[in-house]
Amino acid sequence: MKTILILIFLVQYIFRIPSEQIKETIIFANSTAPLDTILYDFKNDTICQTVRVVFLNKRISFNYIVKNLKQNLTYSKIGYATRQEYENLELGEDENGNAYSVDVFEYRDKECWIRFSIENERRNKLTILTTSKCSAKIATFLPLNSLGILRKIKD
């Protein structure tokens, strides 16, 4: 247990994660209940986008990885995104034009803003939208916005 706490505080220091997020992580680290974790992915011949999401109360913990398979480049972002409450229903759209309701989670730091839209009924679809500040340095080879719908990887 002591090792876990040291590791958590080290991660907090390195990634500059606020204390309230760490407290939430400690509660879940001490819990014996399984965490609701889903892995999403999109892949074409050049780009692979993967997001590992852990659903916490009104937020998610995420690990977002984008790989350029042809140029052997990788970008990753780890953090917490907070669920946004909107007056109107938020909708996503699949490749066939079918609409579905989504839960929206937003991550912000000094460098960028990332919006994760997750289909809220079965949680099997995810899309990503980022600001240009996030991806300006790498956008040519590693697009951070979703190129298509990231699908839940089967258990």
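The values are calculated or read from the model by the stated rules, or taken from the named source; none is laboratory data. Remember, predicted model here, so these are calculated numbers, not experimental data. We place every Cβ from the backbone using ideal geometry, glycine too, and count neighbours over all the protein chains shown.
Could you identify the single residue in ARG108, ARG59 that is closer than 22 Å to THR37 by Cα and free of Cβ contacts under 8 Å to residues at least 12 places away in the same chain? Can you show your working first?
On the way: ARG59 fails: free of Cβ contacts under 8 Å to residues at least 12 places away in the same chain.
The conditions single out ARG108.
May I ask you to say which residue of ASN124, ASN63 is at pLDDT 90 or above, surrounded by fewer than 16 Cβ atoms within 10 Å (Cβ to Cβ) and closer than 22 Å to LYS43 by Cα?
ASN63
Which residues, taken from the stretch 66-80, are more than 17 Å from CYS112 (Cβ to Cβ) and surrounded by 18 or more Cβ atoms within 10 Å (Cβ to Cβ)?
Selection gives LYS67 alone.
When both residues are 6+ apart or on different chains and their Cβ atoms are under 8 Å apart, which pairs have a first residue that lies in the stretch 72-97 and is assigned by TED's automatic domain parsing to the domain that holds ILE47 and of a type outside the set (Lys, Arg), and a second that is surrounded by fewer than 10 Cβ atoms within 10 Å (Cβ to Cβ) and not in a loop (DSSP other than H, G, I, E, B)?
Listed by first residue and then by second, the contacts come to nothing, as the list is empty.
Would it be correct to say that VAL51 is β-branched (Val, Ile, Thr), touching a residue at least 40 places away in the same chain (Cβ under 8 Å), in a strand (DSSP E or B) and surrounded by 17 or more Cβ atoms within 10 Å (Cβ to Cβ)?
Details: β-branched (Val, Ile, Thr): yes; touching a residue at least 40 places away in the same chain (Cβ under 8 Å): yes; in a strand (DSSP E or B): yes; surrounded by 17 or more Cβ atoms within 10 Å (Cβ to Cβ): yes.
Against the criterion (β-branched (Val, Ile, Thr), touching a residue at least 40 places away in the same chain (Cβ under 8 Å), in a strand (DSSP E or B) and surrounded by 17 or more Cβ atoms within 10 Å (Cβ to Cβ)), VAL51 qualifies.
Suppose we keep only residues that are among the polar types (S, T, N, Q) and either at pLDDT below 90 or in contact with a Leu (Cβ under 7 Å, 6 or more places away or on another chain) (or both) within the stretch 24-43. Which one would you say is surrounded by the fewest Cβ atoms within 10 Å (Cβ to Cβ)?
Looking at residues that are among the polar types (S, T, N, Q) and either at pLDDT below 90 or in contact with a Leu (Cβ under 7 Å, 6 or more places away or on another chain) (or both), I get THR32.
Please go through (1) loosely packed, with under 10 Cβ neighbours inside 10 Å; (2) modelled with pLDDT under 90 for ILE8 and return the number of the only condition it doesn't satisfy.
(1)
Mind listing whichever residues of the stretch 72-87 are outside any strand (DSSP E or B) and under 17 Å from ASP103 (Cβ atoms)? Talk me through it step by step, then tell me what you get.
Let us first name the residues in the stretch 72-87 that are outside any strand (DSSP E or B), namely 72, 84-87.
Answer for the stretch 72-87, where residues must be outside any strand (DSSP E or B) and under 17 Å from ASP103 (Cβ atoms): GLN84, GLU85, TYR86, GLU87.
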